[in-house]
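Heads up, the thing below is written out as structure tokens.
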Amino acid sequence: MELRVLRYFLAVTQERTISRAADTLHLSQPTLSRQLSDLETELQVTLFERGSREITLTPAGRYLRERALTLTQLADKTVQNLQTQSPIISGSLDIGAGESQGMRRIMHLISNLQADYPGIQLHLHSGDDANVKDQLANGQLDFGVIIGEQPLTHYHALKLPERDRWGVILPKTHPLAQQTHITPLDLRHQPLLISQQAAQSHQFADWWRNVASQIQLRGTYNLIYNAQLTVGDGPTLVLGLDQLVNVGPDSPVTFRPLSPEMTAPITVIWSRQQSLSPVARLFLQRLRASLPA
């Protein structure tokens with residue numbers, strides 16, 4: 001497969017018709033159709049279902065679109081970084097992270113970095129730890145920010161001094177909102193949402209202890225913003241991290257920490273197999289300098 005042809009394929013998936021894609025690419029329609037047909041022949045799969053008005057992707061086409069986006073983005077970033085090997089630091093910095101208050105340090109550092117080097121572009125990729133590690137592995141990211149204790153033998157790692165604190169997001173009118181802390185006994189028979197990552201790693205197994213059988217997990221979430229919306233619309237409470245949800249005077253929800261306390265480390269990781277760009281090396285240098293000795 002050629003990158004040029006993958007870009008043609010992506011243009012067609014974006015425009016939904018051969019004719020519109022051909023206009024965007026400044027190609028003739030027969031030329032573009034032939035390129036796509038040759039791609040299907042090369043891969044020995046059907047990528048499109050051609051309808052009377054628009055084309056739709058087959059399962060193979062959807063898979064190729066996902067991989068083609070990754071490949072073309074990686075190629076573009078590689079070219080950009082190679083072309084900026086000069087004393088004037090510029091280029092892109094890709095960071096993947098879950099929702100964490102530890103990102104405040106990262107964003108403050110990047111803000112200062114961009115003030116000193118306006119040619120640096122930041123690209124943030126939100127996702128859970130599994131997504132971040134996958135994107136690090138395929139070269140999409142320079143760094144990942146992960147939450148919690150995990151084996152990191154395949155990565156360089158730098159632990160931040162901040163720690164995320166677990167607690168319960170609940171309505172201000174809820175009886176438990178009158179307490180300063182929430183215990184496992186308090187959560188018996190309360191409908192709960194929990195982060196997907198915490199559920200998969202059984203992160204609360206030791207904290208529940210003897211009341212685990214009385215805990216009512218109603219589901220999981222990836223994004224705390226969407227999860228906390230359920231708090232105002234029903235009886236569900238959300239187990240989440242502190243400082244990620246608005247609990248100000250105008251908010252209907254509040255946050256109460258857990259007791260016994262549960263906190264999670266915040267770690268910046270990067271691949272052992274890939275070289276860092278000048279921008280990434282500068283970011284890492286400043287991150288290390290920002291940490292206490």
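The values are calculated or read from the model by the stated rules, or taken from the named source; none is laboratory data. Note that the structure is predicted; figures quoted are calculated from it, not measured. For neighbour counting, all protein chains shown are included, and Cβ atoms are generated from backbone atoms with ideal geometry for every residue, glycine included. Keep in mind that these areas ignore ligands, DNA and RNA; they rest on the heavy atoms of the full protein, side chains included. Shrake-Rupley method; radii C 1.70, N 1.55, O 1.52, S 1.80 Å.
Points worth noting:
- Helix 224-233 vs. the chain, principal-axis angle (Cα, 0 to 90°, nearest 10): 50
- Exposure check, 1.4 Å probe, all protein chains in place: Val247 carries approximately 60 Å² of accessible surface.
- Carbon + sulfur, % of accessible area of the range 1-57 - ligands and nucleic acids excluded, 1.4 Å: 45
- The chain: calculated mean residue ellipticity at 222 nm from DSSP helix runs of at least 4, using -39500 (n - 2.57): -12000 deg cm²/dmol
- Remark: the range 58-179 carries 51 Å² of accessible area per residue (probe radius 1.4 Å; ligands, DNA and RNA excluded).
- Within the accessible area of the range 72-215 (1.4 Å probe), percent carbon and sulfur: 52
- Degrees between helix 59-82 axis and first principal axis of the chain (Cα, 0 to 90, nearest 10): 90
- Coupling constants for the range 96-102 follow from the phi torsions by the Karplus curve (6.51 cos²θ - 1.76 cosθ + 1.60, θ = phi - 60°), and in residue order they are x, 7, x, 7, 7, 5, x Hz; glycine and proline get x.
- Accessible surface of Thr220 - all protein chains present, 1.4 Å probe, nearest 10 Å²: 80
- Normalised by the number of residues in the chain, the mean separation of alpha-carbon contacts (under 8 Å, six or more apart) gives a relative contact order of 20 percent.
- Amide proton proximity set for Ile120, modelled H, under 5 Å, gap of 5+: Gly91
- Between helix 103-116 and the chain there is an angle of about 50 degrees, using the helix long axis and the longest principal axis of the Cα atoms.
- Computed with a 1.4 Å probe over protein heavy atoms only, the accessible area of Tyr117 comes to about 70 Å².
- FRET E, pair Tyr63, Arg104, Förster distance 41 Å, beta-carbon r, rounded to 0.05: 0.65
- Coil-residue chymotrypsin sites (Phe, Trp or Tyr not before Pro) of the range 214-293, DSSP, other Cβ within 10 Å capped at 11: none
- When the solvent-accessible area of the range 228-293 is split by element, carbon and sulfur atoms take up 48 percent of it, the probe being 1.4 Å.
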